[in-house]
Amino acid sequence: MAVLPLGATEQHGPHLPVETDTLLATATARAVAAAGGPAGDHATLLPALGFGASGEHQTFPGTVSMGTDALAGAVLELGRSVSTWADRLLVVNGHGGNVDALRRAVSRLRYEGRDAAWLPCRTSEDPTDTHAGHAETSLMLHLHPGLVRMDRAARGCTRPLGEILPALRAGGVAAVSASGVLGDPTTATEADGRRLWELLLADARGRVTRWQPGEADGMLR
């Protein structure tokens, strides 16, 4: 199995680095690869793809987005290449904006007869904490504490995602949060990051062990 971390390069408020999603995806992918494939077979960790579809963050400095079409094409071609030497391809996704591209590319790879799948790095089920808030900041405090500036952390938009989604789709993150933060990072702790990390890994490893890609989207259940 080949394991490809997929992240993004985008603003994460004033307190987190633009490579946050890539760092989280890479850490998850490394742990998954160390555990091996569904039957414990050998897994190879690939270098991360650090650019994704981040158009909703484009008004903020530091954001670099390739868009859904280009990302779907890149994942498709990488999957075709990897399949010449690996029996399986697993993409570990760290950014929600990449999902449409992954559904498109992985479904195509599977249609072509390649055993490809993807899984999300679950960080929070709280609809008010969706970007650079408590969960992501806590995880970064656990995994990369030297990259977190808690002195710059400030509460962002904490309205539920369902309420702000129309504005997000129309005007991006800047339409609902001047800082680019959706959540409250000021409550983040390393201890909670450790707890969330264990939950994230348990979820990821369970999905890989079951290896049940969705028929419509290729996501591991």
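One table, with the values for the structure above:
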| read-out | value |
| --- | --- |
| Close pairs from the range 177-200: first without any contact (Cβ under 8 Å) to a residue 60 or more places away in the chain, partner among the acidic types (Asp, Glu) and surrounded by fewer than 20 Cβ atoms within 10 Å (Cβ to Cβ), Cβ under 8 Å, at least 6 apart | Gly183/Asp126 |
| Enumeration of residues in the range 7-39 that are hydrophobic (A, V, I, L, M, F, W, C), outside any loop (DSSP other than H, G, I, E, B) and touching a residue at least 12 places away in the same chain (Cβ under 8 Å) | Leu16, Leu23, Leu24, Ala25, Ala27, Ala29, Ala31, Val32, Ala33, Ala35 |
| Odd one out for Gly146, checked against (1) under 20 Å from Glu19 (Cα atoms); (2) assigned to a loop (DSSP other than H, G, I, E, B); (3) free of Cβ contacts under 8 Å to residues at least 40 places away in the same chain; (4) not basic (Lys, Arg) | (2) |
| Some residue of the range 41-49 being closer than 21 Å to Leu109 by Cβ, more than 19 Å from the chain's Cα centre (by Cα), surrounded by 15 or more Cβ atoms within 10 Å (Cβ to Cβ) and touching a residue at least 12 places away in the same chain (Cβ under 8 Å) | yes |
| Selection within the range 86-113 - outside any helix (DSSP H, G or I), surrounded by fewer than 18 Cβ atoms within 10 Å (Cβ to Cβ) and touching a residue at least 24 places away in the same chain (Cβ under 8 Å) | Asp87, Glu112 |
| Subset of the range 67-85 that is more than 16 Å from Pro5 (Cα to Cα) and hydrophobic (A, V, I, L, M, F, W, C) - its residue that is farthest from the chain's Cα centre (by Cα) | Trp85 |
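Just so you know, all these numbers are worked out from the coordinates, no wet-lab data involved. Since this is a predicted model, take the numbers as computed values, not measurements. Using ideal geometry, Cβ is built from the backbone for each residue, glycine included, and neighbour counts are taken over all protein chains shown.
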